[in-house]
Amino acid sequence: MFEDMEADIYTISNDSPEAHKELKEQMGFTFTMLSDASLDVVEKADMAGEGMSVRGYSVFNGDGELITSQEDDLWGTNIESTAEKIKNALN
């Protein structure tokens, strides 16, 4: 569903690499999942909560500028809807 996008797709959170591996296998995700224990990138993505990352998605342009950010606890469960929202943000 992300393969036809002209974009690099990643997830990032403060979860451990092991937790990401488990989630990736469980949900069948094909994109890269990154761990950001320091929350540096999570904060740039406007997805930081109280000492942890929140669930949702952010879209950056090619210059690394934040286009949009949306908190969404069900982004993974509703991955098709999330993909559509990302596509719309890229256009």
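For this structure, a couple of remarks:
- Count - residues of the range 7-50 that are among the polar types (S, T, N, Q), assigned to a loop (DSSP other than H, G, I, E, B) and either in contact with a Leu (Cβ under 8 Å, 6 or more places away or on another chain) or at pLDDT below 90 (or both): 2
- The condition (being among the charged types (D, E, K, R) and in contact with a strand residue (DSSP E or B) (Cβ under 8 Å, 6 or more places away or on another chain)) is satisfied by just one residue among Glu18, Glu71, Glu3: Glu71.
- Gly76 vs. criteria surrounded by fewer than 17 Cβ atoms within 10 Å (Cβ to Cβ) and free of Cβ contacts under 8 Å to residues at least 40 places away in the same chain: no
- For the range 65-79, filtering for residues that are modelled with pLDDT of 90 or more and not hydroxyl-bearing (Ser, Thr, Tyr) leaves 8.
- Residue within the range 16-32 that is farther than 23 Å from Asp4 by Cβ, surrounded by 11 or more Cβ atoms within 10 Å (Cβ to Cβ) and among the aliphatic types (A, V, I, L, M) present: yes
- Inter-residue pairs, beta-carbon under 7 Å, first free of Cβ contacts under 8 Å to residues at least 60 places away in the same chain and in the range 12-29, second acidic (Asp, Glu) and assigned to a loop (DSSP other than H, G, I, E, B), 6+ apart: Ile12/Asp36; Ser13/Asp36; Asn14/Asp36
- For Ser35: the one exception among (1) farther than 18 Å from Pro17 by Cα; (2) free of Cβ contacts under 8 Å to residues at least 24 places away in the same chain; (3) among the hydroxyl-bearing types (Ser, Thr, Tyr): (1)
The values are calculated or read from the model by the stated rules, or taken from the named source; none is laboratory data. All of these numbers come straight from a predicted model, not from anything done at the bench. As a convention, Cβ positions derive from the backbone with ideal geometry for all residues, glycine included, and neighbour counts pool all protein chains shown.
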